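See below for the structure under consideration.
The values are calculated or read from the model by the stated rules, or taken from the named source; none is laboratory data. Keep in mind that what you see is a predicted model, and the values were worked out from it rather than measured. Cβ coordinates were reconstructed from backbone atoms using ideal geometry, including for glycine residues, and neighbour counts include every protein chain displayed. Keep in mind that these areas ignore ligands, DNA and RNA; they rest on the heavy atoms of the full protein, side chains included. Shrake-Rupley method; radii C 1.70, N 1.55, O 1.52, S 1.80 Å.
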Amino acid sequence: MESLLVTGGAGFIGSNFVHFLMEKTGVRVTVLDKLTYAGNRESLKGVPEDRLELVVGDIADAALVDRLTERTDAVVHYAAESHNDNSLQDPRPFLETNIIGTYTLLEAARRHGKRFHHISTDEVYGDLELDDPGRFTEDTPYNPSSPYSSTKAGSDLLVRAWVRSFGLQATISNCSNNYGPYQHVEKFIPRQITNVIDGVRPKLYGAGQNVRDWIHADDHSSAVWAILNKGEIGQTYLIGADGERNNKDVVELILTGMGQPAEAYDQVIDRAGHDLRYAIDSTKLRNELGWQPEYSHFEQGLSDTIAWYRDNEAWWRPLKAATETKYAEQGQ
Ligand code: NAD
Ligand code: TDX
């Protein structure tokens, strides 16, 4: 594999994947990204120009997608509308990008016979009870809760249908909650870190008992690279790093890690339909492809992430005020 088309490569996880490829591999990358409010060319700063081309465009633009797919060895599809809270306010862009955009890419990959890897989320499985000893596996039935997760579930099913009906050379991965550099300040961890930097109290939805299974974006990247190279066509792989924490614990870790009292946060209105708990069993990925996460301590990864936001205020500052205005209008 010498060249990759990475959709959504100017977003949080996509840009981390591009940086990973530059450091660990020799591949050349074309990023196709619409640069929505969530995309940022600054996230690709420092990437050698001779190995990266950024094409600003829409994954639902069939002619553009066809042209870019024809000249690449494989497509890695990260582009999506990704924020649950936004999907509750205005679902339409989620259908357009996550469903029609994915369909457009699948058709191009089919026409040109290209390898395709689809990036998805554990949210397609719905949620688990807080006291359930179980975790999601590749066999858990789909049961998405939000407009966001239902469009991601729909996109996964499209990929499966293209494999079965048309013989598309595709794989799928469903990953748990990512954290790390370049994550938009609308998301939980960067929102609270940048609030504390600004002297504003972190905002916890409800009682903060909801559990997320955190993984560092670098570990997500190494898992995707393993699947691209060694994954079996038609298979789904769950990606997770045993990072379960409830939201209250995470807020307290951020506060104490930034020299504030653990209880210096506000409780705000809960998210509608708020999923209780996500938890990933990544045995298949570990046993069949030999993958292992490098960040085994969430506390260490979180402390690196706090340092990154402290050191990179110029990256997030332009996004902060509009994000907080929107949350304030929602009472959050
Ligand atoms: P993000 O919102 O930070 O980035 C999305 C990127 O896609 C942005 O750069 C945006 O400009 C681009 N984009 C949006 N619509 C587009 C369109 N129509 N055409 C071209 N580009 C478009 O999202 P993220 O958190 O980096 O998530 C990336 C992928 O990973 C998504 O598919 C998401 O479902 C999946 N995922 C995310 C997480 C997580 O914790 N954030 C966990 C599991 C899976
Ligand atoms: O201010 C907040 N306070 C709060 O308590 C925000 C923004 C969130 N939360 C809670 C809601 C969730 O329980 O924190 C948890 C994490 O919230 P998000 O960062 O919005 O992530 P989540 O809804 O879990 O979805 C994320 O992981 C799965 C990504 O945004 C998705 O793209 C991915 O599919």
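List pairs: first in the stretch 250-265 and under 16 Å from V211 (Cα atoms) and within 15 Å of ligand 2 (Cβ to nearest atom), second in a helix (DSSP H, G or I) and of a type in the set (G, A, S), Cβ under 9 Å, 6+ apart or cross-chain?
What qualifies is L253/S303.
If the Cβ limit is 6 Å and pairs must be 6+ apart or interchain, which residue in the stretch 48-59 that is in contact (Cβ under 8 Å) with a residue 24 or more places away in the chain pairs with which residue that is open to solvent by 50 Å² or more (accessible area, probe 1.4 Å)?
If the second residue must be open to solvent by 50 Å² or more (accessible area, probe 1.4 Å), the pairs left are R51/R28; D58/K34.
Of all residues in the stretch 179-195, count the ones that are open to solvent by less than 10 Å² (accessible area, probe 1.4 Å) and within 30 Å of G231 (Cα to Cα).
The number of residues fulfilling the criteria is 2.
Can you name every residue in the stretch 35-45 that is in contact (Cβ under 8 Å) with a residue 12 or more places away in the chain and either under 22 Å from L21 (Cα atoms) or touching a strand residue (DSSP E or B) at 6+ places or on another chain (Cβ under 7 Å) (or both)?
L35, A38, G39, N40, R41, E42, S43, L44
If I filter the stretch 113-152 down to residues being touching a residue at least 60 places away in the same chain (Cβ under 8 Å), among the charged types (D, E, K, R) and closer than 24 Å to R271 by Cα, which single residue comes out as most open to solvent (accessible area, probe 1.4 Å)?
Restricting to residues being touching a residue at least 60 places away in the same chain (Cβ under 8 Å), among the charged types (D, E, K, R) and closer than 24 Å to R271 by Cα, the top hit is E129.
Please find, among L276, L319, L302, the residue that is open to solvent by less than 30 Å² (accessible area, probe 1.4 Å) and either among the aliphatic types (A, V, I, L, M) or free of Cβ contacts under 8 Å to residues at least 12 places away in the same chain (or both).
Values: L276 fails: open to solvent by less than 30 Å² (accessible area, probe 1.4 Å); L319 fails: open to solvent by less than 30 Å² (accessible area, probe 1.4 Å).
It is L302.
In the stretch 77-112, what residues are within 16 Å of ligand 2 (Cβ to nearest atom), surrounded by 23 or more Cβ atoms within 10 Å (Cβ to Cβ) and of a type in the set (A, V, I, L, M, F, W, C)?
Answer for the stretch 77-112, where residues must be within 16 Å of ligand 2 (Cβ to nearest atom), surrounded by 23 or more Cβ atoms within 10 Å (Cβ to Cβ) and of a type in the set (A, V, I, L, M, F, W, C): A79, A80, F94.
Restricting the search to the stretch 196-212, which residues are over 30 Å from G134 (Cα atoms) and either more than 10 Å from ligand 2 (Cβ to nearest atom) or open to solvent by 20 Å² or more (accessible area, probe 1.4 Å) (or both)? Please lay out each step first, then the result.
Step one: list which residues in the stretch 196-212 are over 30 Å from G134 (Cα atoms), which gives 196-202.
V196, I197, D198, G199, V200, R201, listed by residue number.
Quick one: is V75 within 18 Å of the chain's Cα centre (by Cα), more than 28 Å from G331 (Cα to Cα) and away from ligand 1 (no atom under 12 Å from the Cβ)? Break it down stepwise before answering.
Values: within 18 Å of the chain's Cα centre (by Cα): yes; more than 28 Å from G331 (Cα to Cα): yes; away from ligand 1 (no atom under 12 Å from the Cβ): yes.
The answer is yes for V75.
So, of the residues in the stretch 225-252 that are hydrophobic (A, V, I, L, M, F, W, C) and either part of a strand (DSSP E or B) or open to solvent by 50 Å² or more (accessible area, probe 1.4 Å) (or both), which turns out to be nearest to S176 (Cα to Cα)? Outline the logic, then answer.
First, the residues of the stretch 225-252 that are hydrophobic (A, V, I, L, M, F, W, C): 225-228, 233, 238-239, 241, 250-251.
In the following step, the residues that additionally are either part of a strand (DSSP E or B) or open to solvent by 50 Å² or more (accessible area, probe 1.4 Å) (or both) were identified as 225, 233, 238-239.
Working: W225: 16, I233: 22, L238: 8, I239: 7 Å.
Per the criteria, the residue is I239.
Among the listed residues V196, V159, V185, identify the single one that is in contact with a strand residue (DSSP E or B) (Cβ under 7 Å, 6 or more places away or on another chain) and modelled with pLDDT of 95 or more. Spell out how you get there, then give the answer.
Numbers: V196 fails: in contact with a strand residue (DSSP E or B) (Cβ under 7 Å, 6 or more places away or on another chain); V185 fails: in contact with a strand residue (DSSP E or B) (Cβ under 7 Å, 6 or more places away or on another chain).
On inspection, the qualifying residue turns out to be V159.
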